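Written below as structure tokens is the structure these notes are about.
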Amino acid sequence: MTTIPVEEVLRKKQTFERGDEDRRSLIDPRAELLALEAEGELVVQRIDREAVSVATKYGREKRIQKAHLWHHKSCGQCGHIPGYSTSIFWVMRKLGYDYHDPQDQTSCTAWNYYASATSNSAAQAAVAVRNFAAARETGYFPLIHCGTSYGHYKEVREELIRHPELRDEVRKIMARLGKELVLPEEIVHYSEWFYAMRHEIAAKAVRDVSGVVATVHPACHYYKLVEGDAIYDPDIYGGQRTAVVTGLAQALGAEVRSYSTWFDCCGFGFRHILVQRDFTRSFATLRKIEVMKAEADPDVVLTHDTGCVTTLDKSQFAAQAHQRNVGVAVLSDAQFAALAMGAHPYKVCQLHWHSADYRPLLEKMGIDHEQAWAEFQADIKRLENGEKRYLDWDDVDA
Amino acid sequence: MTQTDTGPGAPAEADARLKLSAAAGYADVPLAEKERLFDEVRADPRFGDYLYGCYECGICVAVCPSARFYDFSPRRIAQAAAREDAELVYQQMVEDIWECSQCFSCVRCPRGNNPGGLVTIMREVAINNGLASAKEALVGYSRIIYKIMSTGTQVSPDMLQEDAFPDWGPETADVSVNLDLWRRALPPETLHTTNTGWKVADSTLIELYLIWLHTGALDMIADVDPSLHAILTEVMEERLEEEGIEI
Ligand code: SF4
Ligand code: SF4
């Protein structure tokens, strides 16, 4: 077995230098933001509560605020996989951390931008900054649910740092809205929060997942876009792949198995999932699910982005009709963690919105899904007969 | 460059590297027009951040999902731009760019290029100039643009209809049949909506409309989809007028 020279790799990463010409992802965007703030160019929202320090790809320390977070929701999660968002909130509640779920939030609109290009740099930056300014007004620190919003906002941050003319344009637009050009000290993805909190989450686990085999699909827009800002950990894959998702699954006790096409995207394609789905289905099944099945035989595919859950989950149905080697549950890391912490599979994790069969996974986790479904149906009856208009957090933990 | 402007109807004796326009399925345009479009691509402030020349190593192609299933190559995208080959860039704008998945796997390029980012810029130029490929790319997509621009969330629960996603399995029909009840069963208060991802405040929507109008994002679709442009303009202007906001 080859030993990975982790120390050496980390040392090289920490002293990694690029010439002035190479303008790949900035080594320390936080320092750049603070410098621009000192010049009066923008306003930086600070981390002002207890935070966990984590390491990023080239060794920069990133801090993840634990509580008092402003949840920047994802339209694909809220719209089509609502158990994804609900699980994020539920885990945070269970750990006793306060948060704000705003109505003063728009989508990042990046799904549309990457699909149709019917927008431009200034509009994209203004949408991002409007959301960040709205977060700052509440005093809560932003936490981004969607991988694409996260990646896109990091790109926007880089563009704003590099291009003074873009800052001018966005500042003018913000002034018309009565807002300033605000960016947070760190742009944080929810999966980073789950990674940073993994030991607290594991300490509250009530279900044994040690018999569960997982494969992880790392989301492209999490670690490929502005790559220097993603979390890496020498103890996870020798620091050669992002540590989020895998670090959480391992802390919970699941077995994470590797597969050869881990770097491949899921096939989402932004426009393809909506209007060219033949590509999406083929890529998701031939390059991801079938490879995982053949090489790792997982009980569940864990991932951390809206598009990846949708693509990998929904693409399997058509392939099943052709007796392909597919058929594996697809969950977000948040849903998996919530299940391990005792969340209800339907009331919290909303698995009835998923397509690929998740029931064998639930059985492996010791969950009686028939009984759980009957409980959910009883709640639905209460809504139907007018006993309640909406279910709330007390209902899901009843 | 040996390529000459053949003009409409002239026998195609194009550069051997290029597809004949007859086979390529688009009408040729004068070289000056191709150069004008390429100049627009180059004028984007991000262009310099995305391109540093090309080693021709093909690493980007090896990781590109679209290269696997289409006649598409991020290496060709980077090279055409690096060589300032307006002919090839134009061909890519009418034929190739909509096949890219925008996954950005290609940013592992050892030269520091971002071919996917170049595609984003080329798409924007294609949209702004109303190119046929852009119009074609938006067929079937208008309702999504309408949704994101008018409501502030891109996908909504009521889009999950069996006829729109027949390949997603019977669960899609279950969702659409039970939609109202299943949304009311969600514990977060913001998620009880069916026609938006979550409840977006009215004041937030007005700010979003102002962004679309002031950045010219709304006008980008004036050429490629005039009717959608007219509908969205009306929706936004009416709403802003109600609020007494002058544009
Ligand atoms: S962004 Fe486009 S060109 Fe780059 S790897 Fe993805 S599909 Fe290929
Ligand atoms: S990876 Fe970069 S240098 Fe290599 S062929 Fe692609 S664009 Fe050129």
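The values are calculated or read from the model by the stated rules, or taken from the named source; none is laboratory data. Predicted model only: the values in this text are computed from it and were never measured. Cβ: placed from backbone, ideal geometry, glycine included. Neighbour counts: every protein chain shown.
Quick check: anything in the stretch B:69-81 more than 7 Å from every other protein chain (Cβ to nearest Cβ) and under 15 Å from the mean Cα position of the chain (by Cα)? Walk me through how you get there before you give the answer.
Here is the first cut: in the stretch B:69-81, the residues more than 7 Å from every other protein chain (Cβ to nearest Cβ) are B:70-81.
Retained after the next criterion (residues that are under 15 Å from the mean Cα position of the chain (by Cα)): none.
No.
I need the full set of residues from the stretch B:97-107 which are facing chain A (nearest Cβ under 7 Å) and within 15 Å of ligand 2 (Cβ to nearest atom), in order please.
B:103, B:104, B:105, B:107
Residue by residue through the stretch B:100-111, note down the ones that are at pLDDT below 95 and buried (at least 22 other Cβ atoms within 10 Å of the Cβ). Please lay out each step first, then the result.
Here is the first cut: in the stretch B:100-111, the residues at pLDDT below 95 are B:107-111.
Answer for the stretch B:100-111, where residues must be at pLDDT below 95 and buried (at least 22 other Cβ atoms within 10 Å of the Cβ): B:107, B:109.
Has the stretch B:223-240 got at least one residue that is facing chain A (nearest Cβ under 9 Å), touching a residue at least 24 places away in the same chain (Cβ under 8 Å) and crowded, with 18+ Cβ neighbours inside 10 Å?
At the first step, the residues of the stretch B:223-240 found to be facing chain A (nearest Cβ under 9 Å) are B:224-225.
Among the residues that remain, those that are also touching a residue at least 24 places away in the same chain (Cβ under 8 Å) are: B:224-225.
Still in the running and crowded, with 18+ Cβ neighbours inside 10 Å: B:224-225.
Scanning the stretch B:223-240, I find at least one residue that is facing chain A (nearest Cβ under 9 Å), touching a residue at least 24 places away in the same chain (Cβ under 8 Å) and crowded, with 18+ Cβ neighbours inside 10 Å, so the answer is yes.
Criterion first (surrounded by fewer than 23 Cβ atoms within 10 Å (Cβ to Cβ) and either under 30 Å from residue A:285 (Cα atoms) or touching a residue at least 60 places away in the same chain (Cβ under 8 Å) (or both)) does residue B:67 satisfy it? Step through it out loud before you land on a result.
Numbers: surrounded by fewer than 23 Cβ atoms within 10 Å (Cβ to Cβ): yes; either under 30 Å from residue A:285 (Cα atoms) or touching a residue at least 60 places away in the same chain (Cβ under 8 Å) (or both): yes.
Yes, satisfied.
If you go through the stretch A:337-372 one residue at a time, how many are over 25 Å from residue A:200 (Cα atoms) and within 12 Å of chain B (Cβ to nearest Cβ)?
Number satisfying all stated conditions: 7.
Out of all the residues in the stretch B:49-66, which are within 12 Å of ligand 1 (Cβ to nearest atom) and within 11 Å of chain A (Cβ to nearest Cβ)?
Correct list: B:50, B:62, B:63, B:64, B:65, B:66.
Go through the residues of the stretch B:198-213 one by one and say whether even a single one is under 24 Å from residue A:344 (Cα atoms) and surrounded by 15 or more Cβ atoms within 10 Å (Cβ to Cβ).
Yes, the stretch B:198-213 has at least one match.
Taking the stretch B:134-143 only, how many residues are within 11 Å of chain A (Cβ to nearest Cβ), assigned to a helix (DSSP H, G or I) and out of contact with any Phe, Trp or Tyr (no Cβ under 6 Å at 6 or more places or on another chain)? Walk me through it before giving the result.
Filtering the stretch B:134-143 for residues within 11 Å of chain A (Cβ to nearest Cβ) gives B:134, B:136-143.
So of that shortlist, the ones also assigned to a helix (DSSP H, G or I) come out as B:134, B:136-138, B:142-143.
Checking which are out of contact with any Phe, Trp or Tyr (no Cβ under 6 Å at 6 or more places or on another chain) leaves us with B:134, B:136, B:138, B:142-143.
The number of residues fulfilling the criteria is 5.
Can you tell me which of A:178, A:228, A:211 is of a type in the set (Gly, Ala, Ser), farther than 24 Å from residue A:293 by Cβ and surrounded by fewer than 17 Cβ atoms within 10 Å (Cβ to Cβ)?
Details: A:228 fails: surrounded by fewer than 17 Cβ atoms within 10 Å (Cβ to Cβ); A:211 fails: farther than 24 Å from residue A:293 by Cβ.
Exactly one residue qualifies, and that residue is A:178.
For residue B:188, state whether it is touching a helix residue (DSSP H, G or I) at 6+ places or on another chain (Cβ under 7 Å), more than 9 Å from chain A (Cβ to nearest Cβ) and not acidic (Asp, Glu). Quick ask: steps written out before the conclusion?
Values: touching a helix residue (DSSP H, G or I) at 6+ places or on another chain (Cβ under 7 Å): yes; more than 9 Å from chain A (Cβ to nearest Cβ): no; not acidic (Asp, Glu): yes.
Against the criterion (touching a helix residue (DSSP H, G or I) at 6+ places or on another chain (Cβ under 7 Å), more than 9 Å from chain A (Cβ to nearest Cβ) and not acidic (Asp, Glu)), residue B:188 does not qualify.
Could you grab me the full set of residues in the stretch B:159-204 that are outside any helix (DSSP H, G or I) and among the hydroxyl-bearing types (Ser, Thr, Tyr)? Step through it out loud before you land on a result.
Start the filter on the stretch B:159-204 by keeping residues that are outside any helix (DSSP H, G or I), which leaves B:160-165, B:169-170, B:178, B:185-188, B:192-201.
Of everything in the stretch B:159-204, those that are outside any helix (DSSP H, G or I) and among the hydroxyl-bearing types (Ser, Thr, Tyr) turn out to be B:193, B:194, B:196.
Go through the residues of the stretch A:370-379 one by one and say whether even a single one is in contact with a helix residue (DSSP H, G or I) (Cβ under 7 Å, 6 or more places away or on another chain), under 25 Å from residue A:210 (Cβ atoms) and assigned by TED's automatic domain parsing to the domain that holds residue A:301.
Filtering the stretch A:370-379 down to residues in contact with a helix residue (DSSP H, G or I) (Cβ under 7 Å, 6 or more places away or on another chain) leaves A:379.
Retained after the next criterion (residues that are under 25 Å from residue A:210 (Cβ atoms)): none.
No, that holds for no residue.
Suppose we filter the stretch A:283-316 for residues that are within 17 Å of residue B:68 (Cβ to Cβ) and more than 22 Å from the chain's Cα centre (by Cα); how many remain?
Number of matching residues: 3.
For (1) assigned by TED's automatic domain parsing to the domain that holds residue A:297; (2) of a type outside the set (Gly, Ala, Ser), each residue gets a yes or a no:
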position	(1), (2)
A:161	no, yes
A:166	no, yes
A:177	no, yes
A:186	no, yes
A:211	yes, no
A:216	yes, yes
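Any chance the stretch B:118-125 includes a residue that's within 14 Å of ligand 1 (Cβ to nearest atom), crowded, with 24+ Cβ neighbours inside 10 Å and more than 14 Å from chain A (Cβ to nearest Cβ)?
So far as the stretch B:118-125 goes, no, none of its residues is within 14 Å of ligand 1 (Cβ to nearest atom), crowded, with 24+ Cβ neighbours inside 10 Å and more than 14 Å from chain A (Cβ to nearest Cβ).
Which condition number in (1) in contact with a Lys or Arg (Cβ under 6 Å, 6 or more places away or on another chain); (2) part of a loop (DSSP other than H, G, I, E, B); (3) among the hydrophobic types (A, V, I, L, M, F, W, C) is the one that residue A:160 fails?
With (1) in contact with a Lys or Arg (Cβ under 6 Å, 6 or more places away or on another chain); (2) part of a loop (DSSP other than H, G, I, E, B); (3) among the hydrophobic types (A, V, I, L, M, F, W, C) applied to residue A:160, the lone miss is (2).
With respect to residue B:148, is the statement that it is in contact with a Cys (Cβ under 9 Å, 6 or more places away or on another chain), assigned to a helix (DSSP H, G or I) and crowded, with 21+ Cβ neighbours inside 10 Å true? Break it down into steps so the answer makes sense when it comes.
On the way: in contact with a Cys (Cβ under 9 Å, 6 or more places away or on another chain): yes; assigned to a helix (DSSP H, G or I): yes; crowded, with 21+ Cβ neighbours inside 10 Å: yes.
Against the criterion (in contact with a Cys (Cβ under 9 Å, 6 or more places away or on another chain), assigned to a helix (DSSP H, G or I) and crowded, with 21+ Cβ neighbours inside 10 Å), residue B:148 qualifies.
Quick one: in the stretch A:225-249, which of the residues that are on the phi < 0 side of the Ramachandran plot and free of Cβ contacts under 8 Å to residues at least 24 places away in the same chain is nearest to the chain's Cα centre (by Cα)?
First pass over the stretch A:225-249, keeping only residues on the phi < 0 side of the Ramachandran plot: A:225, A:227-236, A:240-244, A:246-249.
Filter again for free of Cβ contacts under 8 Å to residues at least 24 places away in the same chain, leaving A:235-236, A:241.
Working: A:235: 21, A:236: 18, A:241: 16 Å.
In this case the residue turns out to be A:241.
Could you say which residue among B:197, B:152 is within 7 Å of chain A (Cβ to nearest Cβ) and on the phi > 0 side of the Ramachandran plot? Working first, answer last.
On the way: B:197 fails: on the phi > 0 side of the Ramachandran plot.
Exactly one of B:197, B:152 is within 7 Å of chain A (Cβ to nearest Cβ) and on the phi > 0 side of the Ramachandran plot, namely B:152.
Restricting attention to the stretch A:255-284, which residues are under 22 Å from residue A:321 (Cβ atoms), more than 7 Å from every other protein chain (Cβ to nearest Cβ) and small (Gly, Ala, Ser)?
Hit for the stretch A:255-284 is A:284, nothing else.
Please go through the stretch B:81-117 and give me each residue that is away from ligand 1 (no atom under 14 Å from the Cβ), free of Cβ contacts under 8 Å to residues at least 40 places away in the same chain and under 16 Å from residue B:60 (Cα atoms), ordered by number.
B:82
Here are the criteria: (1) among the hydrophobic types (A, V, I, L, M, F, W, C); (2) crowded, with 24+ Cβ neighbours inside 10 Å; (3) not in a helix (DSSP H, G or I). Tell me which single one residue B:77 does not satisfy.
Answer for residue B:77: the failing condition is (3).
Yes or no: the stretch B:29-47 includes at least one residue that is within 16 Å of ligand 2 (Cβ to nearest atom), in a loop (DSSP other than H, G, I, E, B), of a type outside the set (Phe, Trp, Tyr) and modelled with pLDDT of 95 or more.
Checked against the condition, which is being within 16 Å of ligand 2 (Cβ to nearest atom), in a loop (DSSP other than H, G, I, E, B), of a type outside the set (Phe, Trp, Tyr) and modelled with pLDDT of 95 or more, the stretch B:29-47 yields no hits at all.
Away from ligand 2 (no atom under 16 Å from the Cβ), in a loop (DSSP other than H, G, I, E, B) and outside the structural domain of residue A:90 (by TED's automatic domain parsing), is that true of residue A:266? Can you show your working first?
Numbers: away from ligand 2 (no atom under 16 Å from the Cβ): yes; in a loop (DSSP other than H, G, I, E, B): yes; outside the structural domain of residue A:90 (by TED's automatic domain parsing): yes.
It is true that residue A:266 is away from ligand 2 (no atom under 16 Å from the Cβ), in a loop (DSSP other than H, G, I, E, B) and outside the structural domain of residue A:90 (by TED's automatic domain parsing).
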